[in-house]
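Please treat every number below as a calculation from the coordinates, not as lab data. Just so it is clear, the model here is predicted, and its values are computed rather than measured. Cβ atoms come from the backbone with ideal geometry, glycine included; neighbour counts cover every protein chain shown.
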Amino acid sequence: MIEKVREKRPLIYHITNTVVTNFTANGLLAMGASPVMADAEEEAAEMAAAADALVLNIGTLHPSQVKAMFVAGRAANKKGIPIVLDPVGAGATSYRTETARQLLKELNISLLRGNVGEIKALIGSDGNIQGVDAIQTEVDEMEAVAKEAASLFSVPVVVSGAVDIVTDEKDLYRVANGDELLIRITGSGCLLSGVIASFLTVNDSRTEAAADALTYYGVAAEKAAMKGEQPGSFQVAFLDALYEVGKEEIQKMAKQEKMTLS
């Protein structure tokens, strides 16, 4: 699918947080997609109407941005393009948590992606939030959280961690690719949401598209870690790897497992 993304060069509209805008845009450009970042309510509908997918990221949310998210989301739903919701920091404050829940309620979200603490907060389960760091949680707990969220919100869910989980109410994927340096750079999860959105534009199976996006992303991280062993050098090497990695490397290095749920 990475070849299909590079051929299509989908326009991915982000309403995202100010901390990660530049890194997210550079990452999408490196992989072969076309990013656009804009959070003015006045142009949100037009931007969504022109885009191939929409990413909503609540990392630095404020009232006018939230309004823009609903405007863009409704326009995206009208056009029928995918929407990825990234509930950054859900659980840290009630404003974040309730905003994410309201977006899930009022918009037709295509996929929900977050770390286990964020997803637990959305489903009303106890979870400790420390900034946007993923919590070290056993894979079986991550799977249980992902399944509960998918059932509660009727949307495919990605729970990111040392092993990434993708599930809807039919299938479940485990993706074990990646490198621990990803948690040492700001915006790796936010960029991942954009990468997943790009893959959703070339595959109607949202769970399969997300799993393949995670595999591609994780392989790129592993390749980058061979060149950049510290956060700064890794970040540069990671952008290069997103540009370089192709299907042969992905097929060779993939650690993806699929299960059918009963």
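Which whole-number percent is the relative contact order of the range 1-50 (Cα, under 8 Å, 6+ apart)?
43 percent
Taking amide H atoms as placed 1.01 Å from N in the peptide plane, list the residues 5 or more away in sequence, or in a different chain, whose amide H sits under 5 Å from that of D171.
The list, which skips near neighbours in sequence, is L261.
Please give the contour-minus-distance gain from Y243 to A162: 0.36 nm per residue of separation, less the Cα-Cα distance, rounded to one decimal in nm.
26.9 nm
Please arrange E7, E169, E41 by how many other C-beta atoms lie within 10 Å of their C-beta, fewest to most.
E7, E169, E41
Rounded to whole Å and ordered largest first, report the semi-axes of the equivalent ellipsoid of the range 138-217 derived from its Cα gyration tensor (root of 5λ).
Computed over the range 138-217, the values are 19, 16, 10 Å.
Label-point separation (nm) for N203 and K258, each offset 7 Å from Cα along Cα-to-Cβ?
Between N203 and K258, the simple spin-label model gives 0.8 nm.
Report, in debye and to the nearest 20, how large the dipole of the chain comes out about its Cα centre when Lys and Arg carry +1 and Asp and Glu carry -1 on their Cβ.
440 debye
How far apart, in nanometres, would the label points at V36 and E229 be if each is projected 7 angstrom from Cα along the Cα-to-Cβ direction?
Placing both labels 7 Å beyond Cα along the Cβ direction yields 4.4 nm.
Sort M253, M226, M69, M1 so the one with the fewest other Cβ atoms within 10 Å of its own Cβ comes first.
With the sparsest Cβ surroundings first, the list reads M226, M253, M1, M69.
Would you list the P(r) distribution for the range 1-91, with all Cα-Cα distances sorted into 10 Å bins from 0 and each bin expressed as a whole %?
Computed distribution, short to long bins: 18, 51, 28, 3.
Dividing the Cα convex hull volume of the chain by residue count, how many Å³ per residue is that?
Convex hull volume per residue, Cα atoms: 107 Å³.
Please tell me the relative contact order of the range 2-260 in percent, rounded to the nearest whole number, where contacts are Cα pairs under 8 Å and at least six residues apart.
Value for the range 2-260: 18 percent.
Any idea which of A237, N115, V71 is furthest toward the positive side of the dipole for the chain, if Lys and Arg beta-carbons carry +1 and Asp and Glu beta-carbons -1?
V71
Along Cα→Cβ, 7 Å out, is where each label goes; now give me the distance between the ones at E3 and K79 in nm to one decimal.
Going from the E3 label point to the K79 one covers 2.8 nm.
What is the spread of the Cα atoms of the range 46-101 along each of their three principal axes, largest first, in whole Å?
Here the Cα extents, ordered largest to smallest, are 33, 19, 15 Å.
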